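Since the structure comes first, as structure tokens, the remarks are kept for the end.
A short reminder: the numbers here are calculations on the coordinates, not readings from a lab. Just so you know, these numbers come straight off a predicted model, no measurement behind them. In this analysis, Cβ positions are derived from the backbone assuming ideal geometry, glycine residues included, and neighbour counts consider all displayed protein chains.
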Amino acid sequence: MSPPFSWIRPEPWGIHIVPADAWVDPSRPVSRALVTHGHADHARGGHGTTIATPATLAIMELRYQTREGASPVEYGETVAIGGGVTATYLPAGHVLGSAQILLERAGERVVITGDYKRSADPTCAPFEVTPCDIFITEATFGLPVFTHPPIGEEIGKLLEAREENPDACILVGAYALGKAQRVIAELRAAGHTDTIWLHGAMEAMCRLYEAHGVPLGDLRLVSEATKDQMRGHIVMAPPSALGDRWSRRLPDPVTAMASGWMRVRQRARQRGVELPLVISDHADWGELTRTIGEVNPQETWITHGREEALLRWCQLNQRRARALALVGYEDEDD
Ligand SMILES: [Zn+2]
Ligand SMILES: [Zn+2]
């Protein structure tokens, strides 16, 4: 008999499910990939077969212009992937279509969270706590200093800035997959019904969200607006557009940025952000530690971020843990 959990092996470029010869979120092309969600550091193109939720596959199709090898799995559905291993996809609460993957073999259970968060998000299904033996968790914000405020507070700051600047626009930098749609949906939930103006790079992803049942209200393109039309309005753009020539067409923009990193003042200053909004799609320190407690695994494997502090926390709490050294996972999606 093989030793427990020898069928799952972390390699630098992904988690290898050995008897199925499949990989979870591999950072290089493989013959069979299980993909947790659509952010580029998890969902690379070029795999032979990609097993993912329908929304994640749609996001990958939009980005890579191909559906070749797409193999859809619904939330809660269990598929046999070979070598006696099954995979069940469960909501991760991170972005539209994001999943944790529960792998089972001969009674052994492993959960890979991908990226996740516990706070409510109107654009995706909430994280489900799933009991398992090995819990492989992300740790993007794995330091006690990272506490994300309630999103309502940050949306309130944005709406206030808009009130205070009726002749200007508020330019919000946000990642095109997930963050932008969440900010828009939260603005709508707060009663903001005005047109929100979009950078062209965000349009297709917003339409994809709407096609998957996430209404975003009146969205229009900056390229079709006059300066005066945008005065007193909110404009959304990818972070890379904040400082570039593109923003010159806007009426006296007040620059905001929605990111978990806005907790770090220096990062906001470096980017020239006047209105930092601490809005993250990742678990903060409190959520990471609470989730480990609730899942209560025999062992926790930590990846994708600041592993050391969470490792230390596990040890102090008499929990077995190890840090994995995966490479190629950047913070596209903070
Ligand atoms: Zn990630
Ligand atoms: Zn992500």
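Note on segment 153-230: the C-alpha convex hull projects to 5.1 nm² when averaged across all orientations. Annotation for segment 47-112 versus segment 9-35: alpha-carbon center distance of 12 Å. For LYS227, a cut-off of 19 angstrom between C-alpha atoms picks up these aspartates and glutamates, skipping any fewer than 8 places away in its own chain: GLU163, GLU164, ASP167, ASP194, ASP218, ASP244, ASP252. Only helices reaching 27 angstrom along their own axis (Cα) with mean Kyte-Doolittle hydropathy no lower than -0.5 count here, and not one DSSP H run of the chain does.
Cα extents for segment 174-316 along the principal axes, largest to smallest and rounded to whole angstrom: 58, 37, 24. Sorting 279-287, 295-303, 101-109 by their mean Cβ neighbour count within 10 Å, with the most densely packed peptide first, gives 279-287, 295-303, 101-109. Per-residue ellipticity at 222 nm from helix content only, as computed over the chain with -39500 (n - 2.57) for each DSSP H run of at least four residues, stands at -7000 deg cm²/dmol. Summarising the label geometry, the points placed 7 Å from Cα in the beta-carbon direction at ARG67 and ARG231 lie 4.7 nm from one another.
A compact globular protein would have a Cα radius of gyration near 2.2 N^0.38 Å; the ratio found for segment 8-75 is 1.00. Under 5 Å between amide hydrogens, built in the peptide plane, is the criterion, and for LEU275 it picks out THR255, ALA256, MET257 among residues at least 5 positions away or on other chains. Assuming a ≥ b ≥ c are the square roots of the Cα gyration tensor eigenvalues, decide whether segment 257-334 counts as rounded (a/c under 1.5), prolate (otherwise, with a/b larger than b/c) or oblate. Because a/c hits 1.5 or more and a/b exceeds b/c, segment 257-334 counts as prolate. P(r) tail, segment 72-159: Cα-Cα pairs separated by more than 19 Å, 48% of all pairs.
Could you tell me which of rounded, prolate or oblate describes segment 43-103, using a ≥ b ≥ c as the square roots of the eigenvalues of the alpha-carbon gyration tensor, with rounded for a/c under 1.5 and, failing that, prolate when a/b is larger than b/c and oblate otherwise? Note, shape of segment 43-103 comes out oblate. Only alpha carbons enter this Debye calculation for the chain, each as an equal point scatterer, and the log10 of I(q)/I(0) it gives at q = 0.06, 0.08, 0.10, 0.14 Å⁻¹ is -0.22, -0.38, -0.59, -1.08.
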